[in-house]
Amino acid sequence: MPEKFLKPYSPQDVEAGIYKKWEEGGYFNPDNLPGDRPESFSIVLPPPNVTGTLHLGHAAMLAVEDIIVRFERMRGKKTLWLPGTDHAAIATQSKVEKEIQKTEGKNRHDLGREVFLKRVEEFAQESHDTIVNQVRCMGASVDWSREAYTLDIKRRHAVNTAFKRMYDAGLIYQGERIVNWDPKGQTTISDDEIVYVEEKSKFYYFKYGPFTIGTSRPETKFGDKYVVMHPDDTRYELFKHGDQLEVEWINGPITATVIKDAVIDKDFGTGVMTITPWHSAVDWEIAQRHDLNKEQVIDKYGKMLPIAGEFAGMKIAEAREKIVAKMAEKGLLVKVEDNYVHNIATAERTGATIEPQIMKQWFVAVNKEFIIPHSNIPGIESGSTTTLKEVMRRSVDSGATKIVPDRFERIYYHWIDNLRDWCISRQIWFGHRVPVWYCTYPEGGKSTPMCANPIISIENASECPYCHGTVEQDPDTLDTWFSSGLWTFSTLGWPDDTLDLKTFHPTALLETGYDILFFWVARMILMSGFLVGDVPFKNVYLHGLVRDEKGRKMSKSLGNIIDPLDMISKYGADAVRLSLIIGAAPGNDLKLSENRIRGYKNFANKVWNITRFVLENTQDATDDVPFTEGDAAIQQEACGAFDAVTANIEKYRLDLAADQVYQFIWHRFADEILEESKTILKTGTPEEVASRKRLLTNTLKDSLKLLHPFMPFVTEEIWSSLPNTENLLMIEPWPSK
RNA sequence: GCGCGGUUAGCUCAGUUGGUAGAGCAUCCCCUUGACGUGGGGAGGGCCAGGGGUUCGAGUCCCUUACCGCGCACCA
């Protein structure tokens, strides 16, 4: 017996070596897997952001995916798990920007675009290396030879191709529309990047001619030339749509126009409001419906514009109070309510209050009809007319993509119903630059009217195709989710028609946190539907969030972060993996404590000691002896356990499967089978002893196979010390009846 | 406001089509010089959130209430 079994199991001494062995074995790459594997199984790793280090959420994701991947590989499928990282545009840029501000007191404009981007890329590279190391420590069996990055050259080609195809189909357009402006980050953000925060504030009622209007934002009211009420509101039936009246307002008299619109809630406030189309999405829609003028009141930095007269140049908070004071002085303030509770929109990254603005931006049209050239999505014929919303809906309600747990399907539909056009341009520097160039109208007058059109180009454009003059590229970059939306196929070689794409797309499974269902999952379905004509994955498994033992989110400010690498160095990756799996039903949050991890460290050691016993007692074991009746029954029973585990993994109930393996090995195999073996080996007939030795050897091997996806390191290490094991455990066939 | 989860042992959670309530950890007692103290055996501990209904039978199905958590929308 190898000497190492005389000491307790020490993960620190074996894990790195085992991972190296796996990598050298080459089986992470499906092209190297032995045997004929007609069925393929593929998943892409949700690329971690290159913003630093991995947290327990990542560790949980890696554990879940690795279990499934190892399981499918052992079952004989051509299995690919494709790794990569995400440049995470805005998140990474703001992280580096903050760091530079702190250490050097400079902002990105002080450095300039080129220098700043270099700094971000250096940071991203460092971060990438850290992440890759952490992925290895978790034991993830990803195919490093296919590693991708959302911002590398191949993905850039994919992004630009996607942009051009969508533009040509009319699904990407440039327009002046109301967008979410983050005054702190100085960029637009999408609807999904908004976090609503409940806030108590004051609510003011002002006299507006014959009306009383309510508002929580007096500072936007300068441009309010329209007064809106419900068409059926009998209180105001004397006023007709289009009526004009002179009213005294903040900075003197203005001409107001009456607008009737059913969007008004008769029961809210006085049932009358004035609108500020430039700084409110709802108001903007009213203005669009009635073709009203729109005026900007607040600038990009959150300061009042000249339209505010004496208040011009003030910050919002300052202006608000002074305006109210002036209105009171003019006798136009009717009353003030305290404790007005409403949700204010803030930017997810910077925390700044969003200021809606009308700006020229790039959008993806989700309701626009187009002809889909090719479609495998059930219910959408190739060549038929459809919309991106329809593609997203049909992909799921046809069953082509199933979401586990299924309650998230309803949440997904609900999101689609409320979806508006997706603003994809960002005014940040780090990311995929919008692949659009504009003619710069050089001196000499050779420009043509066509030169006003944007030039969409997959490769860098060097000249204007109309006048051959100089061009310059759009300064904006794309929302990071635009490139990650392509992830399932851009990683497989798209837009080229590669063998990988044919073999591995649609992927079998996407496993990710429920918190990015809309950000990412939905965008992938959209992109894949239009660009590939198919769903990106057949199944979506949504895992929960990892919380601390009190159920709180782990965060720096609470100081309750558990670092997965710390835990791995203390208890081993196997223990960390199991602690993140058992007790975590799909879609449910998991409360994790160090104590739980310690418990599974003990389990790894238990398996180690079972091995010691078996090795000590079965040296001359052979499969060439018959089982006794009792041993045959136990063998039979074990097969039943294998099937139960298999069934649960197939249903993505890894929590139950892992627990079953744990129960079987510890409480059935060790506590009972092994205990009774002591007597049998001592006092049994030669036939009974031979049968029992065969049973112990077989059960140990099967147990290791069964446990391997969950605890790959300790099982592989033990396997390598067993007699008659030439192959790596990771490619042994999965046990079944 | 609309919607979705959750509420089961001290704690963390299972409980698959309705058929005598389970696991881990914790607690207590006992055992063990040969696989393992990172052990073994055992015990205590549950009106399955409250109420109503369907059923021969409900933790499980239906209605309802309360509390906790979350998503979406948004009222100027």
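The values are calculated or read from the model by the stated rules, or taken from the named source; none is laboratory data. Computed from a predicted model, the values in this text were never measured in an experiment. Positions of Cβ are backbone-derived with ideal geometry, glycine not excepted, and every protein chain shown enters the neighbour counts.
Miscellaneous remarks
- Residue in region A:152-162 that is of a type in the set (Ser, Thr, Tyr), on the phi < 0 side of the Ramachandran plot and either part of a strand (DSSP E or B) or in contact with a strand residue (DSSP E or B) (Cβ under 8 Å, 6 or more places away or on another chain) (or both) present: no
- Of residues in region A:666-700 being in contact with a Ser or Thr (Cβ under 8 Å, 6 or more places away or on another chain) and basic (Lys, Arg), the one nearest to A:Asp643 (Cα to Cα): A:Arg694
- Residues in region A:2-32 that are touching a helix residue (DSSP H, G or I) at 6+ places or on another chain (Cβ under 7 Å) and farther than 25 Å from A:Tyr600 by Cβ were compared, and the one that is nearest to RNA strand B (Cβ to nearest atom) is A:Tyr27.
- Remark: A:Phe239 matches the filter, which requires a residue to be touching a residue at least 12 places away in the same chain (Cβ under 8 Å), of a type in the set (A, V, I, L, M, F, W, C) and not in a helix (DSSP H, G or I).
- With respect to (1) within 15 Å of RNA strand B (Cβ to nearest atom); (2) of a type outside the set (D, E, K, R); (3) in contact with a Ser or Thr (Cβ under 9 Å, 6 or more places away or on another chain); (4) under 23 Å from A:Ala632 (Cα atoms), the lone exception for A:Ala657 is condition (4).
- Close pairs from region A:505-533: first closer than 27 Å to A:Phe71 by Cβ, partner part of a helix (DSSP H, G or I) and of a type in the set (Ser, Thr, Tyr), Cβ under 7 Å, at least 6 apart: A:His505/A:Thr488; A:Thr507/A:Thr488; A:Leu517/A:Tyr412; A:Trp520/A:Ser484; A:Met524/A:Thr488; A:Ile525/A:Ser395; A:Ser528/A:Thr488
- Checking A:Ala140 against (1) farther than 30 Å from A:Ser579 by Cα; (2) crowded, with 21+ Cβ neighbours inside 10 Å, the condition it does not meet: (1)
- Region A:33-53 residues that are of a type in the set (Asp, Glu), paired with ones that are in a strand (DSSP E or B) (beta carbon under 8 Å, 6 or more apart): A:Glu39/A:Lys78
- Sole residue being touching a Lys or Arg at 6+ places or on another chain (Cβ under 9 Å) and surrounded by fewer than 20 Cβ atoms within 10 Å (Cβ to Cβ), chosen from A:Gly572, A:Gly583, A:Gly599: A:Gly583
- For A:Gly599: the one exception among (1) at pLDDT below 90; (2) farther than 21 Å from A:Ala575 by Cβ; (3) of a type outside the set (D, E, K, R): (2)
- Any hit, region A:243-257, residues being within 15 Å of RNA strand B (Cβ to nearest atom), farther than 24 Å from A:Ile194 by Cβ, touching a residue at least 24 places away in the same chain (Cβ under 8 Å) and in a loop (DSSP other than H, G, I, E, B): yes
- Hits in region A:455-502 (condition: without any contact (Cβ under 8 Å) to a residue 40 or more places away in the chain, crowded, with 17+ Cβ neighbours inside 10 Å and farther than 30 Å from A:Leu45 by Cα): A:Ile455, A:Ala461, A:Cys464, A:Cys467, A:Gly469, A:Val471
- Among all positions in region A:664-674, there is no residue which is of a type outside the set (D, E, K, R) and more than 12 Å from RNA strand B (Cβ to nearest atom).
- Note on region A:1-22: residues that are at pLDDT below 95, among the basic types (Lys, Arg) and in a helix (DSSP H, G or I) amount to 1.
- Of the residues examined, A:Ile316 is one that is under 21 Å from A:Lys202 (Cβ atoms), in contact (Cβ under 8 Å) with a residue 60 or more places away in the chain and in contact with a helix residue (DSSP H, G or I) (Cβ under 6 Å, 6 or more places away or on another chain).
- The set of residues from region A:261-285 being aliphatic (A, V, I, L, M) and over 14 Å from A:Ile213 (Cβ atoms) comprises A:Ala262, A:Val263, A:Ala281, A:Val282.
- Number of positions in region A:340-372 that are within 13 Å of RNA strand B (Cβ to nearest atom) and within 30 Å of A:Tyr205 (Cα to Cα): 10
- So A:Asp192, is it within 13 Å of RNA strand B (Cβ to nearest atom), under 29 Å from A:Val282 (Cα atoms) and either without any contact (Cβ under 8 Å) to a residue 12 or more places away in the chain or out of contact with any strand residue (DSSP E or B) (no Cβ under 7 Å at 6 or more places or on another chain) (or both): yes
- Residue, surrounded by the most Cβ atoms within 10 Å (Cβ to Cβ), within region A:206-222, restricted to residues that are more than 22 Å from A:Met314 (Cα to Cα) and near RNA strand B (Cβ under 10 Å from one of its atoms): A:Ile213
- All positions within region A:337-368 that are farther than 22 Å from A:Ala89 by Cβ, modelled with pLDDT of 90 or more and not in a loop (DSSP other than H, G, I, E, B): A:Ile358
- Wholly within region A:623-737, helices (runs of 4 or more DSSP H) carrying at least 1 residues that are of a type in the set (Lys, Arg) and within 33 Å of the chain's Cα centre (by Cα): A:686-707
- Close contacts from region A:386-398, counting a first residue that is farther than 14 Å from A:Asp421 by Cα and a second that is of a type in the set (Phe, Trp, Tyr), with Cβ to Cβ under 8 Å and a gap of 6+ residues or different chains, come to A:Thr386/A:Phe370; A:Val391/A:Phe530; A:Arg393/A:Tyr413; A:Val396/A:Tyr412; A:Val396/A:Tyr413; A:Asp397/A:Tyr413.
- Here A:Lys553 meets each of (1) within 15 Å of RNA strand B (Cβ to nearest atom); (2) surrounded by fewer than 16 Cβ atoms within 10 Å (Cβ to Cβ); (3) closer than 30 Å to A:Glu717 by Cβ; (4) not hydroxyl-bearing (Ser, Thr, Tyr) with one exception, condition (3).
- Subset of region A:602-639 that is closer than 11 Å to A:Asn698 by Cβ and within 14 Å of RNA strand B (Cβ to nearest atom) - its residue that is surrounded by the fewest Cβ atoms within 10 Å (Cβ to Cβ): A:Thr618
- Taking each residue of region A:589-607 that is farther than 11 Å from A:Tyr662 by Cα and part of a strand (DSSP E or B) and looking for partners that are of a type in the set (A, V, I, L, M) and near RNA strand B (Cβ under 8 Å from one of its atoms) with beta-carbon atoms closer than 9 Å, six or more apart or interchain, yields A:Leu590/A:Ala584.
- Listed by position, the helices (runs of 4 or more DSSP H) contained in region A:29-138 that have at least 3 residues being within 16 Å of the chain's Cα centre (by Cα) and closer than 23 Å to A:Val645 by Cβ are A:56-74.
- Matching residues in region A:523-550 - criterion: being modelled with pLDDT under 75 and either more than 15 Å from RNA strand B (Cβ to nearest atom) or among the basic types (Lys, Arg) (or both): A:Lys550
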